[in-house]
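For reference, the structure is listed below as structure tokens.
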Amino acid sequence: MSHQIKFWAVVPAAGVGKRMNAYRPKQYLELAGKTVIEHTLSRLLQANVFSAVAVAISAEDPYWPELEIAEDNLIITAPGGKERADSVLSGLKAIREKANDNDWVLVHDAARPCLTTNDIHLLIDTLVNDDVGGILALSSHDTLKNVQDKSIIDTLDRRTIWRALTPQMFRYGMLKSALEKTEGNHRVTDEASALELMGFTPKIVEGRPDNIKITRPEDLALAQFYLDQQWEQQ
Ligand code: CTP
Ligand code: MG
């Protein structure tokens, strides 16, 4: 019996936001009248493609249960892990009874609230028939330097350098197995790197530059600017 391929979203949201240095984790800071994570999850739900959205939340998180969106029927909560990759694996385990190995999983950072529905569909439409999957990425405008001890060793070839964004889209079975096999490996800073370590070659799909990750304090104002711009363009 052929299985209808499904799409799942996994959202790691168990970080503390050290670089943001705010009074609460950055995913709970206010942006345009709601929290950052509410924007992010709304964007995923609006895409209308996911069978469920698994959100990894820290055990010490008092903010999540207060959000209305936590009660949404499509949202499943999973325990957060020590590193981002552990949180993603936990999200995958939370849907293990429902997901098939061939289903697609889109992993998206809670801290990227400006993701557009267009970019979600672009990623899916481009990769849905791919054997491995891939990620949204951006080319680099700046010249990039390889540096040690504040001295430049050499200059990277910008034409071959891309910045990894999320969502990152992989098959459920392949992604779970790659994350399990690379557990604890510090080179695994996104899903693609886990697949790369297993010998696969994920694709890149050029994404929009406004899909920023809120990382430092100034990024909140930039996200506000991009959201305003997106609303004007609608
Ligand atoms: N994340 C997670 N579990 C962790 C660490 C990070 O779920 N143990 C999530 C964050 O909540 C965020 C995403 O992974 O949505 C991207 O990570 P990052 O931007 O590094 O967030 P933080 O780790 O919270 O920030 P910082 O590194 O500045 O502490
Ligand atoms: Mg981090």
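The values are calculated or read from the model by the stated rules, or taken from the named source; none is laboratory data. The shown structure was predicted, so the numbers you read here are calculated from the model rather than taken from an experiment. So basically every Cβ, Gly included, is an ideal-geometry build from the backbone, and we count neighbours across all protein chains shown. The accessibility values were calculated without ligands, DNA or RNA, using every heavy atom of the protein model including side chains. Shrake-Rupley method; radii C 1.70, N 1.55, O 1.52, S 1.80 Å.
Multiply the residue gap between L122 and E218 by 0.36 nm, knock off their C-alpha separation, and tell me the result in nm, one decimal place.
Additional length available on full extension: 31.7 nm.
Toward the positive end of the charge dipole of the chain, with +1 on the Cβ of Lys and Arg and -1 on the Cβ of Asp and Glu, the farthest Cα among P209, H3, W231 is that of P209. On full extension, the segment bounded by Q148 and E71 gains 22.9 nm, given 0.36 nm per residue less the C-alpha separation.
Between region 72-89 and region 157-205, the C-alpha centres lie 18 angstrom from each other.
Considering all C-alpha pairs of region 7-233, those separated by over 23 Å amount to 47%.
Can you put I37, I69, I153 in order of accessible area, largest first, using a 1.4 Å probe?
Numbers: I37 0, I69 25, I153 95 Å².
Ranked list, largest accessible area first: I153, I69, I37.
Annotation: lysines with alpha-carbon distance below 26 angstrom to K93 (same-chain offsets under eight excluded): K6, K26, K82, K176, K181, K203, K213. Think of it as helices only: each DSSP H run of n ≥ 4 in the chain is worth -39500 (n - 2.57), and spread over all residues that comes to -8500 deg cm²/dmol at 222 nm. Size of region 27-71 from its Cα atoms: along the principal axes, largest to smallest, the extents are 30, 26, 14 Å.
Solvent exposure of region 6-135, expressed per residue, is 45 Å² of accessible area, with all protein chains present and a 1.4 angstrom probe. In the chain, the DSSP beta bridges split such that about 45 percent are antiparallel, to the nearest 5.
Across region 52-170, the volume of the C-alpha convex hull divided among the residues equals 172 Å³ per residue.
A simple count of charges around I120, restricted to other residues whose Cβ falls under 12 Å of its Cβ and scoring Lys, Arg +1 and Asp, Glu -1, yields +1. Exposure check, 1.4 Å probe, all protein chains in place: R216 carries approximately 120 Å² of accessible surface. With the simple model of a label 7 Å out from the Cα in the direction of the Cβ, Q46 to E183 spans 3.7 nm. Assuming 1.567 mPa s and 4 °C, estimate D for region 123-209 with Stokes-Einstein, Rh taken as the Kirkwood radius over Cα pairs, in µm²/s. Rounded, D is 90 µm²/s. Simple spin-label estimate for D228 and H141 gives 1.9 nm between the two label positions (7 Å along the Cα-to-Cβ direction from each Cα).
For H141, H121, H39, write out the residues from largest to smallest accessible area, computed with a 1.4 angstrom probe and no ligands counted.
Working: H141 155, H121 60, H39 5 Å².
From most exposed to least exposed: H141, H121, H39.
Per residue, the convex hull around the alpha carbon atoms of region 141-181 comes to 139 Å³.
Across the protein chains, with a 1.4 Å probe defining accessible surface, the residues D142, D72 rank D142, D72 from largest area downward.
Only protein heavy atoms count here; under a 1.4 Å probe, T160 has an accessible surface of about 100 Å².
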